[in-house]
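The values are calculated or read from the model by the stated rules, or taken from the named source; none is laboratory data. Owing to the predicted nature of the structure, the values given are computational and were not obtained by experimental measurement. Here the Cβ is made from the backbone with ideal geometry for all residues, glycine too, and neighbour counts use every protein chain on show. Note: accessible area is taken over every heavy atom of the protein model, side chains too, but ligands, DNA and RNA are not part of it. Shrake-Rupley method; radii C 1.70, N 1.55, O 1.52, S 1.80 Å.
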Amino acid sequence: NFDATDGLQSQEFNFNSYCLLSSGDVRFGGIKGVHIFKPGDVSDNTYVPPVVLTSFNVLGEPMALEKSLQSTDAVELIYTQNFFSFEFAALDFVAPAKNQYAYRLVGVDEDWNRSGTRRFASYTQVKPGEYAFQVTGSNNDRVWNTKGTSFRIVIKPPFWATAWFNVLLFLLILTTATLAYRYRIAKLLEVERM
C-alpha cells in the first residue's frame, strides 16, 4: 500500500523487524534504516478527482479544434482518419503517479479497459459510425470518479458507402435497365413492322 513516494525509507523491510511501541508508534526495520510512524496519522485520500482529456491525436498528430479540448464534446472525422488516440488525467495531485484509469470506446470495446497508471488510449482501423470515448480515474487511494468524462466521435463513411449514393446508384441502374428494355422493345417492333 505504501512506498518511497509515501515517505518510506525503502521498498524492502527485514523479516520480523517490527514492533509496536508503548506510545502507539509502529517501528519497521528496513535495509536502509528504521521507519517509525503513528498509525493514527495515516489517513485515506477521499477526494474524488475530476477526469479530463489532455490530448486528442489523429493519425499521430494533434487535432486542430475550434475550441479547447475541454470545451469540445464531439468531433467529426472522415473515413481515412480512423486512427486516433487520447491522453487523459485524473486531477488529484497527492500522488499522481498512483492515479488509476479505465477507458472504453463505446461501439468498439465490449468492456472497460483497466490501464492502471497508463494515461493514454489509442484505436486503429475504426469503422465509420458514431462512438463515445469514456474514461474514468481514481486518486492514489483508488477512490474512483465513476462519472468520468466522455467524448463523442463521428467517423463519416466515404461517399460511395453512404445511403444517398446507394439510392442514386440504384436509380441509375433502374433507369438504365428501363431505357435498355424500351430500346430493345422499339427495335423488336421496328423489325416486326418490316
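Share of antiparallel DSSP beta bridges in the chain, in percent to the nearest 5?
Details: 40 of 46 bridges.
In the chain, approximately 85 percent of DSSP beta bridges are antiparallel ones.
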*What is the spin-label model distance, in nm, from THR80 to ALA64 if the labels are put 7 Å beyond Cα along the C-beta direction?*
1.6 nm
*asked:* To make sure I understand the rule: partners must be lysines, Cα under 28 Å from the Cα of LYS127, and not fewer than 8 residues away in the same chain. Which ones qualify?
replied: LYS67, LYS147, LYS156
*In whole Å, what are the Cα extents of the chain along the three principal axes, biggest one first?*
124, 37, 26
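Quick one: length gained pulling LYS127 to ALA95 fully straight, 0.36 nm per residue minus the C-alpha distance?
Values: separation 32, 0.36 × 32 = 11.52 nm, distance 3.80 nm.
Gain on stretching LYS127 to ALA95: 7.7 nm.
Taking all protein chains in place and a 1.4 Å probe, what share, in percent, of the accessible surface of the chain do carbon and sulfur account for?
Solvent-exposed carbon and sulfur of the chain make up 57 percent of the total.
Counting helices only, and only those DSSP H runs with n ≥ 4, report the 222 nm mean residue ellipticity of the chain as the sum of -39,500 (n - 2.57) divided by its residues, in deg cm²/dmol to the nearest 500. Don't jump to the answer; show the numbers that get you there.
Working: 1 runs with 31 residues, N = 194.
Using -39500 (n - 2.57) per qualifying helix, the result is -6000 deg cm²/dmol.
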_Once you compute Rg and the Kirkwood Rh from C-alpha atoms, what is the Rg to Rh ratio for the stretch 126-175?_
1.42
*Residue by residue, what Karplus-based ³J(HN,Hα) values in Hz, rounded to whole numbers, does the stretch 121-136 have, using 6.51, -1.76 and 1.60 with θ = phi - 60° and x for Gly and Pro?*
9, 9, 9, 10, 6, 7, 6, x, x, 10, 9, 10, 8, 10, 9, 10
*Enumerate the residues in the stretch 107-135 having an amide nitrogen under 13 Å from the point lying 7 Å beyond the Cα of SER150 toward its Cβ.*
107, 131-135
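By how many nm would the segment from SER115 to SER22 lengthen if fully extended, with 0.36 nm per residue of separation less the alpha-carbon distance? Mind showing how you got there, number by number?
On the way: separation 93, 0.36 × 93 = 33.48 nm, distance 4.30 nm.
29.2 nm is the gain from fully extending SER115 to SER22.
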_If you average the alpha carbon positions of the stretch 108-164 and of the stretch 34-71, how far apart do those two centres end up, in angstrom?_
17 Å
*Averaged per residue, what accessible surface does the stretch 1-159 expose to a 1.4 Å probe, in Å²?*
63 Å²
